[in-house]
Amino acid sequence: MFFLKLCGEVMGGIILERLALFGGEPVRTEPLPTVNNKSGRNIGDEELKLLKEVVESGSLFRHSGKMVSKFEEEFAEFLGVKHAVTSTSGTAALHIATGAIGLGPGMEVITSPITDMGTIIPILGQNAIPVFADLNPDTYTLDPEDVRKRITDKTKAIIAVHLFGLMCDMDALREIAEEKGIYLIEDSAQAYLAEYKGRLSGTIGDLGCFSLQQSKHMFTGDGGITVTNDEELARRAKLFMDKGWDRKATGPRTYVMIGFNYRMTELQGAVALAQLKKVRWVVERRRNVAESLTKKIEDIEGIKPPEVPKGYKHSYWLYPIKIDSSKFKASTEDFVEALRAEGIPASAGYIGLPLYMASVFTEKRGYGGTGCPWICPHYGREIIYKRGLCPQTEEILSQLITLPCNEYFTEKDVEDITLAIRKIAEYYKRT
């Protein structure tokens, strides 16, 4: 019995290894490589070389330097699109897209309730209304039929969020957008080089938007990119990024539309240029890591690895798993707490609650306490954000656990993650 107290517990006649949460030996004591520092980020001499060029030139401003313009050209070529417009963040990239399509007061945009607030700020920033559609319970992406149900005569666009690196059903969303005469914008912040039926993320919608934030597949600390094949949208996107200033006009400064100062600096452009050469390797490494992990855990009862439908390629910004609570004597939060104790970083429910349950929406906390944009003479209908608005989304978040997926994970790292999941699943298994 003394040995069992040290090494395990007896449940139903079976000796189970004691969880680290309850005093057992953790699976791992050394931190996994992380996107938060050099341990899990491919950055170094290539970036330093280009940064040195910028500093020595003395030109840190995009319109007097060459790095940002060169990056825009190379990124567009990389994706096979005609135009790329850089900016200060992924949020800014999406705001540029909403500005380019002419989104404004009284208009609605349908999007995902599981995403970063950066997807929604560009809608509110144009005094427009976010409308949340439910998600596919297997892929965590927009359910096209629910999107269709939520379209009104006020709908201006759909923002398709390719969550965790898996693309939405783009044929169905494209069909809806064309049928209704509305724009389709891709939020590809988490989905560099993800594929849908042979087409790259960001290249199927009217506009595609990417983030260069620290945690993304390629990064400059913060930064964004908006891409399009449409000449007029590209022209408006460039103006919106640069305060609406038509720099080609002669004479007095010509401001032709409302825009913002979302200009990327030459320092960011230099890092982005170097990172562009590395992103394909990053995505391929993450795919290898994720596929290895999936093979090792797919037989564990009650654990559902990420589903990748036929014709799709996942890029694994994170590695999501779902827990079947009927199989375990523990909540999702309990499972995550146990994983962390074993030395494996994990989060329960990703953002915790659907965005429509955040107080800014439920209480309609608009600009200056006015309730704008919801209380607006251009709008004229009531929209209610509350629990139950997207039931499949709420079920997803109650079961979802996110794990890191990093290009520098070794096979030993994958084995440790697997061992921790198995250990906890066995311990909490209903008998």
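The values are calculated or read from the model by the stated rules, or taken from the named source; none is laboratory data. This structure is a prediction, so every number in the text was calculated from the model and none was measured. Methodologically, a virtual Cβ is constructed for each residue, glycine included, from the backbone with ideal geometry; neighbour enumeration extends over all protein chains shown. All accessible areas refer to the heavy atoms of the entire protein, side chains included, with ligands and DNA or RNA removed. Shrake-Rupley method; radii C 1.70, N 1.55, O 1.52, S 1.80 Å.
Descriptive notes on the structure:
- Neighbour count of at most 14 Cβ within 10 Å plus DSSP loop: longest GluC sites (Glu not before Pro)-free window in the chain: 1-297
- Since only Gly366, Pro305, Cys376 are under comparison, the one whose Cα sits farthest along the positive direction of the charge dipole of region 305-431, derived from C-beta charges on Lys, Arg, Asp and Glu, is Cys376.
- Set of lysines with alpha-carbon distance to Lys197 below 20 Å, sequence-local pairs under 8 removed: Lys310, Lys313
- Region 367-401 residues near the modelled Thr152 label - backbone nitrogen below 17 Å, point 7 Å along Cα→Cβ: 371-386, 389-390
- Net charge dipole, the chain: roughly 720 debye, given to the nearest 20, about the Cα centre with Cβ charges of +1 for Lys and Arg and -1 for Asp and Glu.
- Rolled with a 1.4 Å probe across the full set of protein chains, the surface gives His378 an accessible area near 120 Å².
- Largest GNM mean-square fluctuation across Gly380, Gly352, Gly99, computed for the chain with C-alpha springs under 10 Å, falls on Gly380.
- Protein heavy-atom accessible surface, 1.4 Å probe, per residue over region 144-217: 31 Å².
- Computed magnitude of the charge dipole of region 203-280 (debye, nearest 20; Cβ of K, R +1, Cβ of D, E -1): 240
- DSSP bridge orientation in the chain - percent antiparallel, rounded to nearest 5: 65
- Axis of helix 231-241 versus longest Cα principal axis of the chain: the two differ by about 80°, to the nearest ten degrees.
- Gaussian network model of the chain, springs between alpha carbon atoms under 10 Å - residue of Ile158, Ile300, Ile129 with greatest fluctuation: Ile300
- The stretch between Phe22 and Leu419 holds 141.2 nm of extra length on full extension. This uses 0.36 nm per residue minus the Cα-Cα distance.
- Residue-averaged [θ]222 nm for the chain, counting only DSSP H segments that reach four residues, each worth -39500 (n - 2.57): -10000 deg cm²/dmol
- With θ taken as phi - 60° and the Karplus curve 6.51 cos²θ - 1.76 cosθ + 1.60 applied, the whole-hertz 3J(HN,Hα) list for region 262-268 is 10, 5, 6, 7, 4, 5, 5 Hz, x standing for glycine and proline.
- Ligands, DNA and RNA left out, the accessible area of the chain computed with a 1.4 Å probe is 52% carbon and sulfur.
- For Gly24, residues with placed amide H under 5 Å, excluding near neighbours: Leu19
- For the chain, the relative contact order works out to 21 percent when only alpha carbon pairs closer than 8 Å and six or more residues apart are counted.
- Dipole magnitude of region 110-185 about its Cα centre (Cβ charges: Lys, Arg +1; Asp, Glu -1), debye to nearest 20: 360
- Gaussian network model of the chain, springs between alpha carbon atoms under 10 Å - residue of Lys412, Lys278, Lys156 with greatest fluctuation: Lys412
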